[in-house]
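The values are calculated or read from the model by the stated rules, or taken from the named source; none is laboratory data. This structure is a prediction, so every number in the text was calculated from the model and none was measured. Glycine also receives a Cβ, built like all others from the backbone with ideal geometry; neighbour counts cover every protein chain displayed. We work out accessible area using only protein heavy atoms, side chains counted, and drop any ligands, DNA or RNA first. Shrake-Rupley method; radii C 1.70, N 1.55, O 1.52, S 1.80 Å.
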Amino acid sequence: MTPEPRSLTDTDDPSAAPPPGCPAHDLGPGGLRRLYGPAAEDLGAVYEKLRAEHGPVAPALLHGDLPIWVVLGHSENMHMVSTPSHFCRDTRLWTPMRDGTAKPDNPLMPHLAWQPLCSHAEGDEHQRLRGAVSGAMATIDYRAIRRHINRATQHLVNKFCEEGRADLVSQFAERLPMLVLCEIFGMPEEYNDRLVEAARDLPKGTATALASNAYIMDVLMRLTVRRRAEPRDDFTSHLINHQARLTDEEVAQHLRLVLIVAAESCANLLANVLRVVLTDPGFRAQLNGGQMTVPEAVEQTLWDEPPFSTIIAYFAKQDTELAGQRIRQGDGLLLGIAPGNVDPRVRPDLKANMQGNRSHLAFSGGPHECPGQDIGRAIADVGVDALLNRVPDIQLACDEHELRWRETISNRHLVELPVKFAPSPRQEVTLSASAESVPSQRSGAQAAEQPRPAAPHPVDTLGASPSPSLSPSPSAPEETGRGGVFHRLLRWLVGK
């Protein structure tokens, strides 16, 4: 018998209240489960309870007991992100934002507050902003970026290789993406500890988040002014010179969007891949034995531990239905990446190897699919491979159960990953080549016609010797990763 569809507003029935002393008193209004607080310390377990109780689309509560639908099913998530006529990313449509129940001090407000970015815009404005970012992306030299990822990895390993010990989160995973993004933006001289720390701090909504935001915007506004006066062959210059004629404020705001989301997602992906390599003997044996390449290991991790566990949020543009649930205009829905990836209808056996299967939700889908997923994959592929070639005897320096995570509704971030290895000497590294003058900006139509980079492949695209395993190489090659680069992370980050 099919249950009667419910709505998020169907919570005022007095009979729904649990009796005194019942464990359900830990729930929120209407008996809905909270996605925050003591009862949500293990969100993965909460999602599975919601799946058992409600099926692939479940009602829940965000911070401040704001109602939200959690989309848990794989196909339901794909339907939502692929149906822009019914669901969009404009937070101004959300009923709690319209009626004032979403307060300005809500800790999720950095995610929920509407901003004039292409990730929130629709129609002609979306096309204008999105076109500028797409045109700038089309000018990126993918092979050069992969070479830079390798050089940046060698540079970071030089910082700790003589010590024989390191924390691969703070000393590697959180730093490599920022080094790469600074190169792409054309501001390698701005890379420093403060920039890394500010990018980590800003999305958390901490007491220092406003100061971190001010610092990052100052860096990006100064970069924008410099590149408008003296354009070069970098992402920022092409963004400025696009025919959409973005203002300095629009340029800096979109640079911030890319910087923060890309740094966070790539840091999590790197840390997750390295953790599995160091803690799962079978996983590492497959790499050592050549049964799995590093890109394949990255893909498996994108299934099991995606960089973002949910995306806040999508919003119903009209009354509709999803998996038997009545979705009303103005309702909000969480894109459930992590729970969708473990949907038992798609993965009845979670231990089964997903090698060669890229249908995970890690990079979303539909109009908002991550366009720069290739740069995310490249940072992980090249970075992990180069690191393991430099320190092939690397081992976890603590018991696995001692590892700690910092979990939010958006992601599950590994706090530290201590390792030990035989000390080795530094290697000479030239981190960055000087930027050249910018060529003529391609038109939006020309940019759209540019071929997408090839998918990662075990064969090195630059002709270097393949390095699919963890066996050490005599010296670090200039190019250790495989495949294409920056083309889909940015499309997702900027909302097309």
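Distances between every pair of Cα atoms in the stretch 35-145, grouped in 5 Å steps from 0 to the bin holding the largest one, split as 2, 10, 14, 16, 17, 16, 10, 8, 5, 1, 0 percent. The C-alpha atoms of the stretch 84-173 occupy a region whose extents along the principal axes are 58, 35, 20 Å, arranged from largest to smallest. All alpha carbon pair distances within the stretch 235-279 were sorted into 10 Å bins beginning at 0; the resulting P(r) in whole percents reads 24, 33, 21, 15, 6. With each label modelled as a point 7 angstrom along the Cα→C-beta vector, the A214-T83 pair spans 4.5 nm. Summarising the label geometry, the points placed 7 Å from Cα in the beta-carbon direction at S424 and A39 lie 5.1 nm from one another. Near the amide H of I327, within less than 5 Å, lie the amide hydrogens of T320, E321, L322, all on another chain or at least 5 residues away, with H placed in the peptide plane. The HN-Hα couplings worked out from phi for the stretch 30-37 by the Karplus form 6.51 cos²θ - 1.76 cosθ + 1.60 (θ = phi - 60°) are x, x, 7, 6, 8, 9, 8, x Hz, whole numbers, x standing for Gly and Pro.
List the residues whose amide H sits under 5 Å from the amide H of R232, counting only those 5 or more places along or on another chain, with H placed 1.01 Å from N in the peptide plane. Distant-sequence amide H within range of R232: S237, V438.
With the cut-off at 32 Å, tell me which of the pairs K49/K420; K103/K317; K49/K103 have Cα atoms farther apart than that. Intermediate results must be reported in sequence, preceding the final value.
On the way: K49/K420 39 Å; K103/K317 22 Å; K49/K103 28 Å.
Pairs exceeding the cut-off: K49/K420.
Rolling a 1.4 angstrom probe over the protein heavy atoms with all chains in place gives the stretch 93-187 an accessible area of 37 Å² per residue.
Overall size of the stretch 194-324 from C-alpha positions, given as principal axis extents largest first: 54, 46, 37 Å. With θ taken as phi - 60° and the Karplus curve 6.51 cos²θ - 1.76 cosθ + 1.60 applied, the whole-hertz 3J(HN,Hα) list for the stretch 216-232 is 5, 5, 5, 4, 6, 5, 4, 4, 4, 5, 5, 6, 5, 7, 9, x, 10 Hz, x standing for glycine and proline.
For E407, the residues whose modelled amide H falls within less than 5 Å of its own, excluding neighbours fewer than 5 places apart on the same chain, are H413.
The 3J(HN,Hα) values that the Karplus relation (6.51, -1.76, 1.60; θ = phi - 60°) gives for the stretch 388-404 are, in residue order, 6, 6, 6, 10, x, 9, 4, 9, 5, 9, 8, 6, 4, 5, 7, 5, 10 Hz. Gly and Pro appear as x.
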